[in-house]
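K.L.:
Quick one: structure below, then a few questions.
We did not get these values from a lab; they are worked out from the coordinates using the rules stated. Just so we're clear, the structure is a prediction, and the values are computed from it rather than from any experiment. Glycine also receives a Cβ, built like all others from the backbone with ideal geometry; neighbour counts cover every protein chain displayed.
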Amino acid sequence: MNEMNESPLASLKPSPWSSPYLRFVLFGLLAASLPLLSGSGLMKSSTLNYIGNVLVYAVAALGLNLLLGYAGLISLGTAGFMGLGSYIAAYAVKDMGLSFWAALTAAVLIPTLIGLLIGLISLRIEGIYLAIATLCVSEILLKSFEQADSITGGMQGKSVSYPVIFGHTFNRSSTYILLVVALTLVMILTHNFVSGQKGRALHAMRGSEVAAQAMGVNLLQYRLIAFSLATAYAALSGALYVFFIKFSYPSVWNLNLSLYVLAAVVIGGLRSIYGTIIGTFVVWAVPDLVLKKLPVVGGINGLPYIFNGILIILVVMFAPQGISGLWQAKFPLKRKKKEKEEAISGKKEDE
Amino acid sequence: MVDPLMDLSLAPETATHSLAREEALRVERLSISFGGLRAVDDLSFAVRKKEIFGLIGPNGAGKTTVFNCITQFYRPDEGNVFFRAGKGRAERVVNLVGQPVHSIIGLGLVRTFQNVEIIQELSLLENVLIGAHIDFKATAFEQAFKLPRALREERSFRKKAEEALAFLGIAGRRDLPAGGQPYGVLKKVELARTLMANPRLIILDEPAAGLNDSETQELSSTIYQIRDVYDCTILLVEHDMHLVMGVCDRICAISFGKFLACDAPEEIKRNKLVQEAYLGEEEV
Amino acid sequence: MNNELGTVLQLFMRSLETGSVYSLAALGVIIVYRTSNIVHFAQGSLGMFNTFVVTYVFLSFRLPLWASTLCGVAAAVGTGFLVDFLIIRHTKKVSPLAKQIISLGLIRVLLGLAPLLFGVDPLSLPRFLRSGDFNLGGASISHNAVLNISLGLVLMGVLFYVLQRTKMGLAVRTTASNEPVARLMGVPTRRVTLAAWALAGVLGCLSGVMIAPTTTVTTSLMDAVQVNALFGCVLGGFQTFYGPVLGAYIIGVGRNFLVYYVSSIWGEQIMYLLILIFLIFRPNGLIGKKFVKKV
């Protein structure tokens, strides 16, 4: 980017790797190529499920990062809205016979309207009270999932089959690709949104409410925007979940899930898109994909989760800016140098 | 419906519901109390167009409270604030009291803060861009998909922000994060941010606080330049008497929220009431 | 008429029992919050873990329940100490938000540790007093319920006495109102925080032992208690120690009456909705004042 102006070659031909979009697309391609690995036997088929889970939860985590990292507002309601999204999607497809797209739209829009209500509440209630107020909403939803048998299947849960899109019936691998496409799109749109005027307004609201107001930022409007976006992301995540996992149980959408999404955001680093993905990976995939593979300890039931818990605590204690903060603190110069070298030699390498 | 402001029998105090031709802002019989304490007490003064106007007073005189009442961060209990909003044909007189806080900037009234209110995590340029917030017309959808209008706006306002930074001599730092920048630079960023809003009136809350001597020197010439280049009126609160006396055309002195005097700097210096107010402060 | 009164009375006593469980947990949450500035999301998980200890000792070593409970209380003090000693006191420089995540890590550790140590099968724990009912104006109330209610009230009575009347309580209250200043004034804030975590552990364990007989001892034993303790805290306000206790009792009573008289399906949701609406009108809880921000 700017640092490359020092190099005469670079100023003529800026490295294409500096484009965030190319990196997003590469990320998507990389993630999408995983089913090939599992198809050729290089990767266990169950691994794909874990990675798929990470992709699903990453969408919700990105939404929470928008809310918490950019707007500085906290929510413990993520799980409830994910659940709501999943049940609406399942009900729309299975019981109402709606198309995938109609179901997805409904599954995102209805929770978003409730999210708007929370945005309204957030003008009155702040901090920890707001966090628990959102938990309150989430618990109301959770109890309703348990009770509204006719829609949610109650405690037995709700099942749905892989989606049918434009007459094409998806299987596990293609649904996985769908998740990749969805997440990549969400990443790109989030990147654009936060780096523009609306994103700066969210920053201002977090950094200094008085400055934001003095600069014409309508706090109500932007709190509504922040909450409706976070809710929409969570609902989308829930809908994707139900199409990939094919089941939705009430017990999934409890406080612990909201807390883990929060943990993923803080561990990955506030205001970092890739950090959020990494944080989600640490919380949901590391116990099963990495720690379970360890000799001896990996075999003991429960131990991977203990390690994961300890890892979470360690990250908070020693890297309070999250993994992305750690990365930026350690490698700012190296990366510049590397980019410069790449620009000169024309050698291209994935980071 | 009868406009109560026009009906003189209903509200005799607001008989001057309009500004004299040369006035940019008129504070009229402003009062506000906090839990029994009258922070501003029946205060009136007027600022003329293109004037550099100072508001002074001993510590706790209620200067910042007056600013907060003008910019509607506080709702005054009584009184009116008339302001000449807009430019050219859109020019009109507005009573600021009762307007939403976030709508004030759209009228052409921008302020800085006593303790700089800057977003640490954003670059200097991005901080300045926040000043153009209300001028963006592209929707969230257009911005997320980077549609042409969003791109065009972003480009033109970035250019404007760079100009504002260059005007204040800190263009070289535009991409550095605000967190960790020297205080003097942050004060300039706040100034640059106000310039983005095409202001008619800029309110500076202690612009010299925390600056060293040479920076304060520079500030007074910057204030003149802003008035001349950006064609606006400036209202400032400042503790640095040297700066206030040097830069202001007229000064209003207050004490315990009450009006003392409003005059040219030399007259204010000679004013008995003002001297007493400041002496009283030194004795305590 | 008499019968109606009996129902109300019975409901009320049952609510007090639930309220005791919630308020003990809520008291743990608020003590940790006030001394360490951490919203103790792991209060339930710690309680769950220590209830597992009680159950395990009870079933494996065939100790009487009261002795098993004492073992659980000791384990709770130990785990509380450990958490503070190993983690909390090293987080002075961690941002307030990141601090909250610590309890999430704790939850995960405890969720992994419990099945590892105590097996994956659900266990069951009996009541202290297995039989016997009082008859009170047409309402029958088990001896155990009366024990739970009185235990809750006595415990809280003692704690509030300690908080308000003793030097130790003064140290806790000073730490709660301003930790750095308290430290400068010579209050042993480290010991206060240590004691707070141990006490929260004990309160969590007791609430776990109280609720365990109504269900089975699994890792999700305390999920509802945790949530309701948090709701009790916002309802009562985070600024005082007794507010959350009051809030927790209100939730216990309100929930049971709504479930019985309004709707067995929607009663709980209505309760939560009412809390939400209440918060809109009193954003700092029942007992709590609003801080005015200065520009």
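K.L.:
Over all residues in B:72-81, what is the mean tally of Cβ atoms on other chains that come within 10 Å of each residue's Cβ? Please list the in-between numbers first.
P.N.:
Values: counts 2, 6, 1, 0, 0, 0, 0, 0, 0, 0.
So the per-residue partner count for this stretch is 1.
K.L.:
Along the principal axes of its C-alpha atoms, what lengths does the stretch A:43-253 span, in descending order and rounded to whole Å?
P.N.:
Each principal axis gives a Cα extent; for the stretch A:43-253 these are 53, 36, 30 Å.
K.L.:
Once you've got the Cα coordinates, tell me which of B:87/B:269; B:63/B:137; B:87/B:159; A:143/A:293; B:63/B:188 are over 26 Å apart.
P.N.:
Numbers: B:87/B:269 35 Å; B:63/B:137 35 Å; B:87/B:159 22 Å; A:143/A:293 37 Å; B:63/B:188 22 Å.
Too far apart for the 26 Å limit: B:87/B:269; B:63/B:137; A:143/A:293.
K.L.:
Using only DSSP helix segments of four residues or longer, with each worth -39500 (n - 2.57), what per-residue ellipticity at 222 nm results for chain C after dividing by its residue count and rounding to 500? Numbers along the way, then the final one.
P.N.:
Details: 11 runs with 210 residues, N = 295.
Using -39500 (n - 2.57) per qualifying helix, the result is -24500 deg cm²/dmol.
K.L.:
Also, I was wondering about something else. Could you tell me the relative contact order of chain A? Use alpha-carbon pairs under 8 Å, at least six residues apart, and round to a whole percent. Intermediate results must be reported in sequence, preceding the final value.
P.N.:
Working: 509 pairs, mean separation 100.9, N = 351.
Contact order relative to length: 29 percent.
K.L.:
If the label point is 7 Å along Cα→Cβ of residue A:329, which residues in the stretch A:243-269 have backbone nitrogen under 13 Å from it?
P.N.:
Hits in the stretch A:243-269 for residue A:329 at 13 Å: A:269.
K.L.:
Let me ask you something else. Enter the mean number of other protein chain beta carbons within 10 Å of the beta carbon of each residue in B:99-108, as an integer. Don't skip to the end; give the middle numbers.
P.N.:
Working: counts 0, 5, 9, 11, 3, 4, 5, 1, 0, 0.
Per residue, the number of nearby Cβ atoms from other chains is 4 on average.
K.L.:
Quick check for you: which residues of the stretch B:54-93 have the amide N under 11 Å from the point 7 Å beyond the Cα of residue B:18 toward its beta carbon?
P.N.:
Once the point is set 7 Å along Cα→Cβ of residue B:18, B:93 turn out to lie under 11 Å by backbone N, inside the stretch B:54-93.
K.L.:
Among A:321, A:169, A:232, whose Cα sits farthest toward the positive end of the charge dipole of chain A (+1 at Cβ of Lys/Arg, -1 at Cβ of Asp/Glu, about the Cα centre)?
P.N.:
It is A:321, whose Cα lies furthest towards the positive end.
K.L.:
Residue A:96 versus residue C:3, label points 7 Å from Cα toward the beta carbon: distance in nm?
P.N.:
Each label point lies 7 Å from its Cα, and together they span 4.5 nm.
K.L.:
Find how much the distance from residue B:44 to residue B:228 grows on full extension, using 0.36 nm per residue of separation minus their present alpha carbon separation; answer in nm with one decimal.
P.N.:
Values: separation 184, 0.36 × 184 = 66.24 nm, distance 2.66 nm.
Additional length available on full extension: 63.6 nm.
K.L.:
Taking the Cα centre of chain A as origin and charging only Cβ (+1 Lys, Arg; -1 Asp, Glu), how large is the dipole, in debye to the nearest 20? Kindly include the intermediate steps, with their values, before the conclusion.
P.N.:
Details: 25 positive and 15 negative charges, 117 e Å.
Around 560 debye, computed over chain A.
K.L.:
Specify the inter-centroid distance of the stretch A:73-93 and the stretch A:271-325, based on alpha-carbon positions, in whole Å.
P.N.:
25 Å
K.L.:
Another question, if that's okay. Just to be sure I understand the model, the point goes 7 Å from the Cα along the line to the Cβ. What's the resulting residue B:239 to residue C:262 distance in nm?
P.N.:
It is 5.4 nm.
K.L.:
What's the FRET efficiency of residue A:19 with residue C:95 using the Cβ-Cβ distance as r and R₀ = 35 Å, to the nearest 0.05? All intermediate terms of the calculation are to be shown ahead of the outcome.
P.N.:
Values: r = 32 Å, r/R0 = 0.92.
According to the calculation, E is roughly 0.60.
K.L.:
R0 = 25 Å: FRET efficiency of residue A:29 with residue B:151, Cβ-based, nearest 0.05? Each step should come with its number before you reach the end.
P.N.:
Numbers: r = 26 Å, r/R0 = 1.02.
About 0.45, to the nearest 0.05.
K.L.:
Relative contact order of chain C: what whole-number percent is it, with Cα pairs under 8 angstrom and at least 6 residues apart? Present the calculation step by step, with values, prior to reporting the outcome.
P.N.:
Numbers: 454 pairs, mean separation 101.7, N = 295.
Normalised by residue count, the contact order of chain C is 34 percent.
K.L.:
No partner Cβ under 4.7 angstrom, meaning no disulfide-compatible partner by this rule: which Cys of chain B qualify?
P.N.:
Those would be B:69, B:232, B:248, since no other cysteine Cβ in chain B comes under 4.7 Å of theirs.
K.L.:
Then there's this: Going 7 Å from the Cα of residue B:272 along its beta-carbon direction, which residues of the stretch B:216-257 have the amide nitrogen within less than 17 Å of the resulting point?
P.N.:
none
K.L.:
Using per-residue counts of other Cβ atoms within 10 Å, averaged over each peptide, order A:316-327, A:72-83, B:60-71 from highest down.
P.N.:
Working: A:316-327: 19.3, A:72-83: 28.2, B:60-71: 22.9.
Final packing ranking: A:72-83, B:60-71, A:316-327.
K.L.:
A follow-up question, please. Can you pull the Rg over Rh of the stretch C:2-218, Cα-only, Kirkwood? Let's see the in-between values first.
P.N.:
Details: Rg = 18.8 Å, Rh = 18.4 Å.
A ratio of 1.02.
K.L.:
Right, something else. Describe numerically, in nm with one decimal, the distance between label points set 7 Å from Cα along Cα→Cβ at residue C:167 and at residue C:274.
P.N.:
Calculated label separation equals 4.5 nm.
K.L.:
Read phi for every residue in the stretch B:102-112 and hand back ³J(HN,Hα) as whole Hz from Karplus 6.51 cos²θ - 1.76 cosθ + 1.60, θ = phi - 60°, with x for Gly and Pro.
P.N.:
6, 8, 5, 4, x, 7, x, 10, 10, 9, 10
K.L.:
Continuing with the same structure: Go ahead and run the numbers for FRET between residue A:251 and residue C:81, Cβ-Cβ distance against an R0 of 25 Å, rounding to 0.05.
P.N.:
Details: r = 32 Å, r/R0 = 1.30.
Working from the Cβ atoms, E equals 0.15.
K.L.:
Next question. When the Karplus curve 6.51 cos²θ - 1.76 cosθ + 1.60 is applied with θ = phi - 60°, which whole-Hz ³J(HN,Hα) does each residue of the stretch A:74-80 get, with x for Gly and Pro?
P.N.:
Along the stretch A:74-80, the couplings run 10, 9, 10, x, 3, 4, x Hz.
K.L.:
For chain A, modelled as a GNM with alpha-carbon contacts under 10 angstrom, which of A:290, A:217, A:56 fluctuates the most?
P.N.:
A:290
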